[in-house]
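Read the figures in this text as sums done on the coordinates, not as results from a lab. Bear in mind the structure is a predicted one, so any value in this text is a computation, not a measurement. Every residue, glycine as well, gets a Cβ built from its backbone with ideal geometry; the counts of neighbours run over all protein chains shown.
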Amino acid sequence: GLTIVLTYENGILRSGATRGNGEVGDDVTANVRTLKTVPLRIPIQRDAPPAPARLVVRGEVLILKEDFKKLNEDQAARGHAIYVNARNTASGSLKQKDPRITAQRPLTAFVYDIVDSSDPTPATEWESLAYLAQLGFNLVPDCERYDSLDALAAALPSWEARRHSFPFETDGIVIKVDQVALRRELGVVGKDPRGATAFKFPSEEATTRLLDVTINVGRTGKVTPTAVLEPVFVSGVTVSNATLHNYEVIRDLDIRIGDRVIVKRSGEVIPYIIGPVEAARDGSETPIRPPTHCPFCNTPLVQPAGAVDLFCVNPRCPERVFRSLEFFVSRQAMDIENIGPQTIRQLIDERKITRESDLFTLSAEDLHGLEGFAERKIANALAAIEAAKQRPLAQVITSLGIDGVGSVVAATLASEFRSIDALIDTCVRTQQAVEAFRSIAAPFAQNAASPEAVRAAERLTNPLLDLAVRYADAPDVEKRLARLLKPLLDEHPDLPIAALSAALLAVIDAARPLLTISGLGGILINGIVTWFSNEDNIALIRAMQAAGVSMQRAQAAALGDAFNGMSFVITGTMSVPREQIEQLITSHGGKISSSVSKKTSFVVVGDSPGSKYDKALALGVPIISEADLRKMASPA
Ligand SMILES: [Zn+2]
């Protein structure tokens, strides 16, 4: 993790700073305040000893293994890049400029040391830890005290054996002299205190030779360089491949073919390369140049602005098609048993399939003669394909493998739109509105001089990325737009603000169902609109529909039509699980929305409601209780 120093004055958290190697670090007070494991006020219990007038403690901020795994599952579900290294992620999260981002990361703080106190402090380390715990600090759960060096030495193997059962990754333990006075007397040599030492566990790193770099192209076209290594034994297994992430990492670390490199493998993380051993070079190493063309289809690779990865943008790239189909049939997507990656590869090679929809029209004859396919397996595979036609809409959307649309976003889209046709309709209309907006903005967007005007012009290149989200619920869009675009307006007094704001309102209107889904953001909305308004993609969906794949959300049995045309937002705790309330609404023809806008018909409020309640008040949206809702559904 990352060391933090917390200062409390009269029990109130005043500041938090990072500190590396004894130097003064960054002030991260606002970020530290968002950590649940950092008390804002001590003591947290009334019967605890009173806080000193001034208390400075040292600790560590990190991400627990379990939290890191969940964070990455979440990233994957949203289609975002996963984090490689828990330590770097923790450090990067704590140093964010925006505390709201820090608050979203699952950081944990442990406190282990008193740096300074205006009150007398305990005479031993052991008592200090107890005192810190009494004040309400979160302590590392595993601490032990030994009466002699022999007892300590005897216990070391058991610490090592437990290494992977700790809730966090660790490379060793810290051994301290318990008597604080004695420890002080022992003093410091250089930077190292003599009263404390680190006992390192055997390394999970090894050095080996980088033989080659191969290129993977994923279903989104993303290019990932993979290291081919001289096989090396690292923490229990032989590793011969490791990820290099992307070519910017390779360039930044200056990794060359032929280098001795340090490979790390820890827990369940994919092995990765920390960097080269530069001292071991003999001059025969060759630099690794990013490829310019896709190795599978020879299309020039593209690096989108602001991205670190290269992409093959050819949607018919055979490798991309293979990876999409491999994903499509996988358990996390359509879950078609009996059709695995090798079968997909064979079916593509024999030109039996070129896209996802082709799977649903495969015949017994098509499967005949494939490796490992006898009568029985053919029957099973065809049955599995047939069953896959009835997957829930959310699962179908996930399976399309749209960048950014993992299972979480797909489920939201399915419940918001209820059918793929409604989603396509919204996206096509939005795309048309976007193009109309662009045709007005284009002459000005490309002609800006000052840096401020250039920034303003960038907002006009695609209204979905920024403007639509920003002004979705705003009054006076024209006035706000004029203010936002002022630097550009100064250079181009003829910029048609009225026409632009009318075109923007048309975009907002068309994209409304997407804009009201909270948490989607401009980039993701743009990605969804682009995908579902693309002709090839629509053709794919139509072909799947024609083959009998269900593209509708299963309807709950209709119980009435009392809520026809109404939209509801639910906030707070209800007397029954949330799904039952949602079902009550949808079974009477109503729609559920996740965020409040002026178009929301009612906000249903339960116990301890969230910010949606405040927003409803602010917008003047009618607020009703669960009982009101039930009465409205079936008036007696
Ligand atoms: Zn390609």
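Which trypsin sites (Lys or Arg not before Pro) does the range 1-73 hold that lie in a coil by DSSP with at most 15 other beta carbons within 10 Å? Write out the running numbers ahead of the final one.
Working: sites: ARG14, ARG19, ARG33, LYS36, ARG41, ARG46, ARG54, ARG58, LYS65, LYS69, LYS70; in loops: ARG19, ARG33, LYS36, ARG46.
Sites meeting the loop and neighbour criteria: ARG19, ARG33, LYS36, ARG46.
Estimated at 0.36 nm per residue, the fully extended path between ILE497 and LEU149 surpasses their Cα-Cα distance by 117.5 nm. Hydrodynamic radius of the range 179-309 by the Kirkwood approach over all distinct alpha-carbon pairs: 17.4 Å.
Each of PRO193, LEU310, ASN216 was placed along the dipole of the chain (beta-carbon charges, centred on the mean Cα), and the one lying farthest toward the positive end is LEU310. For the range 124-130, putting each phi into the Karplus relation 6.51 cos²θ - 1.76 cosθ + 1.60 with θ = phi - 60° gives couplings of 10, 4, 4, 5, 4, 5, 4 Hz, in residue order, rounded to whole numbers and with x for Gly and Pro. Remark: spin-label model distance ALA627-ALA48 equals 4.1 nm, labels positioned 7 Å along the Cα→Cβ axis.
Note on the range 286-345: Rg/Rh from C-alpha atoms, Kirkwood Rh, equals 1.10.
Applying D = kT/(6 pi eta Rh) to the range 415-472, where Rh is the Kirkwood radius over alpha-carbon pairs, T corresponds to 20 °C and eta to 1.002 mPa s, the Stokes-Einstein value obtained is 167 µm²/s.
Could you tell me how many cubic angstrom of Cα convex hull volume the range 449-527 has per residue? Could you put the intermediate results ahead of the total?
Working: hull volume 6.7 nm³, N = 79.
In the range 449-527, the Cα hull volume divided by residue count equals 85 Å³.
Give me the compactness ratio for the range 34-154, meaning the Cα radius of gyration over 2.2 N^0.38 Å. Mind dumping the intermediate values first?
Details: Rg = 17.7 Å, N = 121, 2.2 N^0.38 = 13.6 Å.
Normalised Rg, Cα atoms only: 1.30.
Neighbour counting of Cβ atoms within 10 Å sorts the residues VAL477, VAL529, fewest neighbours leading, into VAL477, VAL529. Evaluated with a Cβ-only charge set (Lys, Arg +1; Asp, Glu -1), the range 28-130 carries a dipole of roughly 580 debye about its Cα centre, given to the nearest 20.
Helix-only estimate, please: 222 nm mean residue ellipticity of the chain, summing -39500 (n - 2.57) across DSSP H runs of length 4 or more and dividing by its residues, to the nearest 500. List each step's numbers first, then the result.
On the way: 25 runs with 252 residues, N = 636.
Calculated from helices alone, the mean residue ellipticity at 222 nm is -11500 deg cm²/dmol.
In this calculation the C-beta distance from ARG376 to VAL237 is compared with R0 = 51 Å, giving a FRET efficiency of 0.90.
Each of LYS486, LYS222 was scored by other Cβ atoms within 10 Å of its Cβ. Arranged with the fewest first, they read LYS486, LYS222. Of TRP126, TRP531, the sequence from fewest to most neighbouring Cβ atoms within 10 angstrom is TRP126, TRP531. When the listed pairs LYS65/LYS191; LYS69/LYS264; LYS95/LYS222; LYS591/LYS615; LYS69/LYS389; LYS97/LYS264 are checked against a 21 Å cut-off, the alpha-carbon distance exceeds it for LYS65/LYS191; LYS95/LYS222; LYS69/LYS389; LYS97/LYS264. Across all Cα pairs in the range 407-546, the calculated P(r) in 10 Å bins from zero up to the longest distance comes to 12, 40, 29, 14, 4, 0 percent per bin. Among the cysteines of the chain, those with no neighbouring cysteine Cβ under 4.7 Å are CYS143, CYS427. Full extension of the chain segment joining VAL302 with ALA383 gains 25.1 nm, where the gain is 0.36 nm per residue of separation less the Cα-Cα distance. Working note: Debye formula, equal point scatterers on the alpha-carbon atoms of the range 196-257, no solvent; log10 I(q)/I(0) at q = 0.19, 0.23, 0.26, 0.27 Å⁻¹ is -0.80, -0.98, -1.11, -1.14. Taking θ as phi - 60° and the Karplus parameters 6.51, -1.76 and 1.60, the scalar couplings of the range 27-34 work out to 7, 10, 3, 4, 6, 4, 4, 7 Hz in sequence order, x denoting glycine and proline. For the range 318-388, what log10 I(q)/I(0) values come out of the Debye formula at q = 0.17, 0.22, 0.23, 0.28 1/Å, with one point per alpha carbon and no solvent? Calculated log10 I(q)/I(0) at the listed q: -0.53, -0.93, -1.02, -1.56. Every Cα-Cα pair of the chain was included, and the share exceeding 44 Å stands at 38 percent. Taken over the C-alpha atoms, the range 567-633 has Rg and Dmax values of 10.7, 29 angstrom. Take the Cα of ASP421, step 7 Å toward its Cβ, do the same at ASP178, and the gap between the two points is 7.7 nm.
Work out the length of the dipole vector of the chain about its Cα centre, built from +1 on the beta-carbon of each Lys and Arg and -1 on the beta-carbon of each Asp and Glu, and round it to the nearest 20 debye.
Values: 69 positive and 76 negative charges, 205 e Å.
Roughly 980 debye for the chain.
The fraction of all Cα pairs in the range 254-353 landing in successive 5 Å bins from 0 to the largest distance is 2, 10, 13, 11, 14, 17, 16, 9, 5, 2, 0, given as whole percents. At GLU278 and ALA442, where each label point lies 7 Å from the Cα along Cα→Cβ, what is the point-to-point distance in nanometres? Reported label-point gap for GLU278 and ALA442 is 4.9 nm. If the Kirkwood radius is taken over C-alpha pairs of the range 136-192, then at 20 °C and 1.002 mPa s the Stokes-Einstein diffusion coefficient equals 157 µm²/s.
Which semi-axis lengths, in whole Å and largest first, follow from the square roots of five times the eigenvalues of the Cα gyration tensor of the range 312-441? For the range 312-441, the ellipsoid semi-axes come out as 32, 18, 12 Å.
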